[in-house]
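Participant: To start, I am sharing the structure in question, which I have written as structure tokens.
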Amino acid sequence: MRRKPLREVIPVPLDRGVRSYKHGYPSEVTIWHNHPEYELHAIRRTSGLCYVGTYSGPFEPGNLVMAGPNLPHMWVTDRSGYEEGTEFGHFIPDRDVVVQFSEAFARGCADLLSDAADLTELMELSTAGILFSDATSARVVPLMDKLSSAKGSYRLGLFFEIIGHLAADKDRKILSVEWRATHCQHPKRLDNILRKIAENITRPDFTCSEMARREKMELSNFSRFFERHMNCSCTEYINRLRVYRACQLLIETDVRITAIAYEVGYGTLSTFNRNFQRFIELSPTAFRAQWRDGDFSAIETKSA
């Protein structure tokens, strides 16, 4: 089985603009991943399970979520989510529409435009992930579609029209426990740490101690730095990356659970089962069985 990176690298600089695009499923960006940009993510078709930070729960067409910097996320389409006549596992074009922008761009807008206070509030809330109401999604997703093909200054107008609708949504829901501090004092160092974790996550012998040595930090100092900026321990972060990747494999494949445990980076099945139960509140076997039965009632979770 081919291992894929868990870190998405945005291919263009976003310090002075907005990126908007559509993509299908599966693709290189539909795995459990993170990146330093803010992201507004809409699902246009299919249903399944979404994972945002510490949250996991079902999604349907129209699902609209804003994720803050380095907040891991993915949307996994289940068997029942495929349209009639489409075989499970086949490519689904234009399932997702995405808008991404950098903190530098957003802060610049807020500093220059007094009317951009709504954007600042959304940025702060999005560190834990925001799920918007169906009514707001119905207004915003068509604008996101337009933004993906718009040119020139019209793009900026559409962007702020989208932000206006998001800010006015009184029924929005915070999804996860807050994943990182809003103002990171050492963004380059944090970004490097998260990138290195993503590159090494499938190694069973990879530890937080190794990461501390790479950063030339004492383990205690490294642990405090990580928890201050990510609001969780390094060990929890690594385990969540592995467990949520396992969820994707349990849904998308028929690979045996033991093989999945090793694939995502666990050296023993017992350690994998223990962490899976802790974060998902189900055993891997029960999770796969409930998914196949189309019962997601026990799979929604928010807190650590």
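Since every read-out is calculated from the coordinates, none of them should be taken as a lab result. Just so we're clear, the structure is a prediction, and the values are computed from it rather than from any experiment. As a convention, Cβ positions derive from the backbone with ideal geometry for all residues, glycine included, and neighbour counts pool all protein chains shown.
Participant: Would you indicate which of (1) 59, 49, 40; (2) 93, 42, 34; (3) 55, 54, 32 is the value of Cα extents along the principal axes in Å derived from the coordinates of this structure?
Facilitator: (3)
Participant: May I pose another question? Mean-square fluctuation check for the chain, GNM, Cα pairs under 10 Å: which of 204, 187, 69 is largest?
Facilitator: 187
Participant: For region 187-293, calculate the relative contact order in percent as a whole number, restricting contacts to Cα pairs under 8 Å that are 6 or more residues apart.
Facilitator: For region 187-293, the relative contact order is 25 percent.
Participant: Just from its helices, what would the mean residue ellipticity at 222 nm be for the chain, if runs of 4 or more DSSP H residues each count -39500 (n - 2.57) and the sum is divided by every residue, rounded to the nearest 500 deg cm²/dmol?
Facilitator: -13000 deg cm²/dmol
Participant: Let me ask something additional. With +1 on each Lys and Arg Cβ and -1 on each Asp and Glu Cβ, and nothing else charged, work out how big the dipole of the chain is about its Cα centre, in Debye to the nearest 20.
Facilitator: The calculated dipole for the chain is roughly 920 debye.
Participant: Also: Which is the longest part of the chain that has none of the chymotrypsin sites (Phe, Trp or Tyr not before Pro) sitting in a DSSP loop with at most 14 other Cβ atoms within 10 Å?
Facilitator: With chymotrypsin sites (Phe, Trp or Tyr not before Pro) excluded where exposed in loops, the chain gives 92-304 as its longest stretch.
Participant: Out of the GluC sites (Glu not before Pro) in region 146-229, which ones are loop residues according to DSSP with at most 14 other C-beta atoms within 10 Å?
Facilitator: Answer by residue number: 218.
Participant: Now a separate question. Trypsin sites (Lys or Arg not before Pro), restricted to region 164-252: which are DSSP loop and have at most 16 other Cβ atoms within 10 Å?
Facilitator: Counting only loop positions with at most 16 other Cβ atoms within 10 Å, the trypsin sites (Lys or Arg not before Pro) in region 164-252 are 170, 216.
Participant: Once you've got the GNM for the chain with C-alpha springs shorter than 10 Å, pick whichever of 220, 56, 137 has the biggest mean-square fluctuation.
Facilitator: Comparing 220, 56, 137 in a Gaussian network model of the chain, the most mobile one is 220.
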